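Student: Structure provided below as structure tokens; questions to follow.
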Amino acid sequence: MSQKTPRQRWMATLARASRAEIEALLGAPPEHELLKAPETGTVMLEGRAGGAGQRFNLGEATVTRCVVRLSGGRMGFSYALGRDGRKARLAALLDARLQDEAEGSALHRGVAALAQSQAAARELASRKAAATKVDFFTMVRGA
């Protein structure tokens, strides 16, 4: 399995974040040009039998994408589940800004904190699901 780049990690975090979380991180939107206005479409979701087996088409999901260019020329991209065009635009702006920011900047630290809270929420949901797991076993009679 390949390692994710820092940009792949922050884009994944932004895709999972709510619009309010992105707005809080970005602050006032910087001056920019829309290269590809937010547009909504669908993507095919794939699943794997047993989690690691043969692939199959699970269904479709609605996705909104956007591409922006900041006044300095840096381009930002985003894909977000659902139909929230504003969230897609703000996430693209944040992607563009993050590319110009130094690794330890306040903006990068904010995205890292958001990623940690998302990971904690996934861990909690996983623990809650594991607590409901029932192990069934079959006893063989007369053998």
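The values are calculated or read from the model by the stated rules, or taken from the named source; none is laboratory data. What you see is a predicted model; the values in this text were computed from it and never measured. When we count neighbours, we look across all protein chains shown, and the Cβ atoms used for this are built from the backbone with ideal geometry, even at glycine. To get the accessible areas, we keep the full protein, side chains included, count just its heavy atoms, and leave off ligands, DNA and RNA. Shrake-Rupley method; radii C 1.70, N 1.55, O 1.52, S 1.80 Å.
Student: Restricting to Cα pairs below 8 Å that are 6+ residues apart, what does the relative contact order work out to for segment 6-116? Please round to a whole percent.
Tutor: That works out to 29 percent.
Student: Still on this structure, please answer the following. Could you pull out the longest piece of the chain with no exposed loop trypsin sites (Lys or Arg not before Pro) in it, calling a site exposed if DSSP puts it outside H, G, I, E, B and it has at most 14 other Cβ atoms within 10 Å?
Tutor: Longest site-free region, per DSSP loop and neighbour criteria: 5-82.
Student: Arrange the residues LEU35, LEU81, LEU25 by how much accessible surface each exposes, largest first, with a 1.4 angstrom probe.
Tutor: Descending accessible area places them as LEU81, LEU35, LEU25.
Student: On a 0 to 90 degree scale, rounded to 10, what angle separates helix 106-131 from the longest Cα axis of the chain?
Tutor: The answer is roughly 20 degrees.
Student: Over the chain, what number does the Rg to Rh ratio reach, with both radii from the alpha-carbon atoms and Rh per Kirkwood?
Tutor: Radius of gyration relative to Kirkwood radius: 1.13.
Student: In µm²/s, what is D for segment 53-100 at 37 °C and 0.692 mPa s, where D = kT/(6 pi eta Rh) by Stokes-Einstein and Rh is the Kirkwood radius from Cα pairs?
Tutor: It diffuses with D of about 277 µm²/s by this estimate.
Student: How much length is gained on full extension from ARG9 to THR42, taking 0.36 nm per residue of separation minus their Cα-Cα distance?
Tutor: 9.6 nm
Student: Longest segment of the chain with no chymotrypsin sites (Phe, Trp or Tyr not before Pro) in a DSSP loop having at most 15 other Cβ atoms within 10 Å?
Tutor: So the longest stretch without any such site is 1-135.
Student: To the nearest 10 degrees, how steep is helix 6-16 against the longest Cα principal axis of the chain, on a 0 to 90 scale?
Tutor: Computed tilt is about 70 degrees.
Student: Take SER105, SER71 and sort them by solvent-accessible surface of the protein heavy atoms, 1.4 Å probe, largest at the top.
Tutor: SER71, SER105
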